[in-house]
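First the structure, in the form of C-alpha cells, and then the observations on it.
The values are calculated or read from the model by the stated rules, or taken from the named source; none is laboratory data. Values in this document were obtained by computation on a predicted structure and should not be read as measured data. Quick reminder, even Gly has a Cβ in these numbers, built from the backbone with ideal geometry, and neighbours come from all protein chains shown.
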Amino acid sequence: MTVFNRTEFDNHENVVFCADKETGLKAIIAVHSTKLGPAVGGCRLWDYASDEDAVYDVLRLSKGMTYKNAVARLPFGGGKSVIIGNAKEIKSDALFKAFGRHLERLGGSYYSAEDVNITCDDVAVMNTETNYVLGLEGKSGNPSPFTALGTFLGIKAAYQHKHGHQDLAGVKVSVQGLGAVSYTLCKYLHEAGAELFVTDINEERVSRVVNDFNATAVNIDEIYDLDVDVYAPCALGATINDETIPRIKAGIIAGCANNQLAEPRHGEIIREKGILYAPDYVINAGGIINVYYETAPEGYSAEAATKHVEGIFDTLSEIFKRSEDEQKSTHIIADELAQEIIENGL
C-alpha cells in the first residue's frame with residue numbers, strides 16, 4: 001500500500017494506525033497540519049471495502065479539515081480519524097474508550113468529534129479516557145444544526161451570485177442524502193419556499209422528509225438526472241465525477257457532503273459547463289465553527305457561533321466573485337484562500 005507518494009498524503013505531519021485486540025478496534029488518525037493550532041476534525045465509523053480505501057478517505061478528509069478551518073478563520077489545524085467496521089456490529093462503549101486512549105497518546109495534537117455513524121454520546125464515552133474531544137452535550141453539543149444553517153446560507157449565496165437575488169420560492173432543489181444535517185437543511189429550504197426532490201438509502205428518512213416538507217421522493221440513481229436549479233450532495237463524497245457530470249442539469253451544486261469532487265479536475269469541468277459550485281469545505285463549515293466556541297475563553301455562546309456561521313455567506317460570495325474575475329474554478333479559489341490564511345496567519 002503506497003502512502004507517502006499518494007497526492008492525498010500532501011505532507012501530513014502524522015498518520016497513526018490504531019488497534020485494540022479486546023474490542024476489535026481498527027482505526028486511523030491523520031494529522032495534516034497544526035500550523036494554525038491543534039488539528040481538529042471528526043471521527044467517522046465506516047465499513048470500508050479495504051484498508052487502502054480507509055487510508056485514502058482519512059487523508060483526503062484530514063487535508064480538507066486544514067483548509068476548512070483556515071477558510072472559516074478558526075485557530076485550528078486539520079485532522080481526521082476513521083474507525084473501520086460496520087456500525088451496527090462493532091459499536092460499544094469499550095470500543096470508544098479504546099479509541100479515546102489512542103487519542104490521549106497524541107497529547108493534544110489532535111482533537112476528535114462526531115462524524116458519520118458517531119454520535120455525541122459516543123464522543124462522551126471517548127471523553128472518559130481523554131479530554132481531547134469536542135462537541136460534547138452541555139457544551140457546544142450537536143453541530144448538525146449549524147452545518148445545516150451554513151449550507152442553507154451557502155445555497156442562498158450561490159443563488160444570489162447566479163441570479164441576482166436570494167428568493168428561493170419555487171426553486172427546485174434535489175437533496176442527496178437525508179441525515180441529521182440535511183433533514184434540517186430541507187426544513188430551511190421548505191420554509192423558504194423551495195420545491196424539494198430527495199433520496200436516501202434509508203427509506204424511513206425519505207418518508208420523514210416527504211411527510212414533513214412535502215418533498216418528492218426519487219430513486220438513488222435518478223437524483224442526477226433531475227431538471228432542477230440546485231443539486232445538493234449531502235451523502236458521502238465523490239458524487240461529482242466523470243459519470244455524473246454529463247447528467248447534472250442543475251446550474252448550482254451546493255451541499256454539505258465532504259469531498260464532493262471525485263478529482264480536482266472535475267471542478268474545472270463543471271465550471272466550463274456553467275455550473276456554479278460551492279466548495280464543500282467552505283459551505284459545510286458550520287459544525288466546526290460551532291465546536292470552536294466550546295473552546296472560547298469566555299465560554300460557549302450559541303449566539304456567537306451563529307453569527308460566525310452566517311459569515312459563510314460572505315466567504316462564498318467572495319470566492320464566487322474571485323472565480324469569475326480570475327476565470328478559475330471555485331475550488332481552486334477556495335484552496336488559494338486557505339493557503340493564504342495558513343501562510344499569513346489568521
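Every condition in (1) closer than 17 Å to VAL133 by Cβ; (2) of a type in the set (Phe, Trp, Tyr); (3) surrounded by fewer than 16 Cβ atoms within 10 Å (Cβ to Cβ) holds for PHE76 except the one numbered (3). The helices (runs of 4 or more DSSP H) found entirely in the range 247-346 that carry 1 or more residues being without any contact (Cβ under 8 Å) to a residue 24 or more places away in the chain are 265-272, 302-326, 330-344.
With respect to LYS80, determine if the residue is in contact with a strand residue (DSSP E or B) (Cβ under 6 Å, 6 or more places away or on another chain), part of a strand (DSSP E or B), among the charged types (D, E, K, R) and under 28 Å from THR2 (Cβ atoms). Yes.
Evaluated against (1) surrounded by fewer than 19 Cβ atoms within 10 Å (Cβ to Cβ); (2) under 20 Å from ALA192 (Cα atoms), ALA254 falls short on exactly one condition, (1).
Per-residue answers, yes or no, for (1) under 30 Å from ARG101 (Cα atoms); (2) free of Cβ contacts under 8 Å to residues at least 60 places away in the same chain:
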{"position": "THR130", "(1), (2)": "yes, yes"}
{"position": "SER174", "(1), (2)": "no, no"}
{"position": "VAL198", "(1), (2)": "no, yes"}
{"position": "VAL230", "(1), (2)": "no, no"}
{"position": "LEU236", "(1), (2)": "yes, no"}
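On the stretch given as the range 11-29, residues that are within 14 Å of TYR67 (Cβ to Cβ) and touching a strand residue (DSSP E or B) at 6+ places or on another chain (Cβ under 7 Å) total 1.
From the list SER92, SER112, SER144, exactly one residue is touching a residue at least 24 places away in the same chain (Cβ under 8 Å) and touching a Cys at 6+ places or on another chain (Cβ under 9 Å). Which is it?
SER112
For the range 278-301, check the following and say yes or no: at least one residue is at pLDDT 95 or above, in contact with a Leu (Cβ under 9 Å, 6 or more places away or on another chain) and farther than 19 Å from GLY41 by Cα. Yes. If you go through the range 160-184 and pick out every residue that is among the polar types (S, T, N, Q) and under 21 Å from LYS249 (Cβ atoms), you end up with 4.
For the range 1-57, taking the residues that are among the hydroxyl-bearing types (Ser, Thr, Tyr) and in a loop (DSSP other than H, G, I, E, B), the one that is surrounded by the fewest Cβ atoms within 10 Å (Cβ to Cβ) is identified as THR2. Considering the range 144-178 alone, what residues qualify as being in a loop (DSSP other than H, G, I, E, B) and either surrounded by fewer than 20 Cβ atoms within 10 Å (Cβ to Cβ) or touching an Asp or Glu at 6+ places or on another chain (Cβ under 7 Å) (or both)? Those that are in a loop (DSSP other than H, G, I, E, B) and either surrounded by fewer than 20 Cβ atoms within 10 Å (Cβ to Cβ) or touching an Asp or Glu at 6+ places or on another chain (Cβ under 7 Å) (or both): GLY164, HIS165, GLN166, ASP167, ALA169, GLY170, VAL171, GLY177, LEU178.
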